[in-house]
Amino acid sequence: MTALESDEPHTLHHDRLDYTPLPKSVTLARRRAHRLLTEWGHPELAADTALLVSELSGNAVLHGCVRDRLFRVELTLTDHAVRIAVTDPKGESLPSLRVAAEDDMFGRGLLIVREIADRWGVSELTVGKSVWCELDIACHRSPSGEQLADFGHGRLG
């Protein structure tokens, strides 16, 4: 099989950065994601990408980090999608969807990810785990390349 026959998507842009497990890192990762998607020519994906990075990074800080270990945010833009992967060192603590009570302060992050992303999942690693999600580019642009008013995602609230 030649490279042209492969089903693997062609990577157009890739970014990877490690962060300290502090709440301010979530803000930094979110802002970086928004800026990168805009620079990469997909401003219509920037807000959703930033929100997904924020939710996954917040979960890494709250549930997946251990002392003196960083978490990683990776963004990959292909011909068809943007992939967001947040890796943390705590592999024994796998995320799962849960229903938060109305007065709960936390517990809605993965529900938001499920509603906005086209796909999401968890990859167990030798050390830690990676929680990933993808946004399809086709869902965000018309065939002429114009930005769509409704991105086709079931938004919450």
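The values are calculated or read from the model by the stated rules, or taken from the named source; none is laboratory data. None of the values given here were measured: they were computed from a predicted structure. Methodologically, a virtual Cβ is constructed for each residue, glycine included, from the backbone with ideal geometry; neighbour enumeration extends over all protein chains shown. Just so you know, the surface numbers come from the protein's heavy atoms only, side chains and all, with ligands and any DNA or RNA stripped out. Shrake-Rupley method; radii C 1.70, N 1.55, O 1.52, S 1.80 Å.
Some notes on this structure:
- Scanning segment 64-75 for residues that are open to solvent by 30 Å² or more (accessible area, probe 1.4 Å) and either touching a Phe, Trp or Tyr at 6+ places or on another chain (Cβ under 8 Å) or within 18 Å of residue 30 (Cα to Cα) (or both) gives 70, 72, 74.
- Boolean, residue 12 is closer than 18 Å to residue 136 by Cα and either surrounded by 14 or more Cβ atoms within 10 Å (Cβ to Cβ) or touching a strand residue (DSSP E or B) at 6+ places or on another chain (Cβ under 9 Å) (or both): yes
- Of all the criteria given as (1) open to solvent by less than 20 Å² (accessible area, probe 1.4 Å); (2) in contact with a Lys or Arg (Cβ under 9 Å, 6 or more places away or on another chain); (3) modelled with pLDDT under 90; (4) farther than 30 Å from residue 7 by Cα, the one not satisfied by residue 60 is (3).
- Matching residues in segment 26-83 - criterion: being out of contact with any helix residue (DSSP H, G or I) (no Cβ under 6 Å at 6 or more places or on another chain) and of a type in the set (Gly, Ala, Ser): 41, 47, 60, 64, 81
- Among residues of segment 115-132 that are more than 15 Å from residue 49 (Cβ to Cβ) and open to solvent by 50 Å² or more (accessible area, probe 1.4 Å), those with a Cβ under 8 angstrom from a residue that is of a type in the set (S, T, N, Q) and part of a strand (DSSP E or B), sequence gap 6+ or separate chain, pair up as 122/130; 125/87.
- Cβ pairs under 7 Å, 6+ apart, first in segment 61-80 and under 25 Å from residue 37 (Cβ atoms), second surrounded by fewer than 22 Cβ atoms within 10 Å (Cβ to Cβ) and hydroxyl-bearing (Ser, Thr, Tyr): 61/25; 64/93; 70/19; 70/20; 71/19; 73/19; 76/11; 78/11
- Assessment of segment 38-52 against the conditions (under 11 Å from the mean Cα position of the chain (by Cα), hydroxyl-bearing (Ser, Thr, Tyr) and in a helix (DSSP H, G or I)) yields at least one matching residue.
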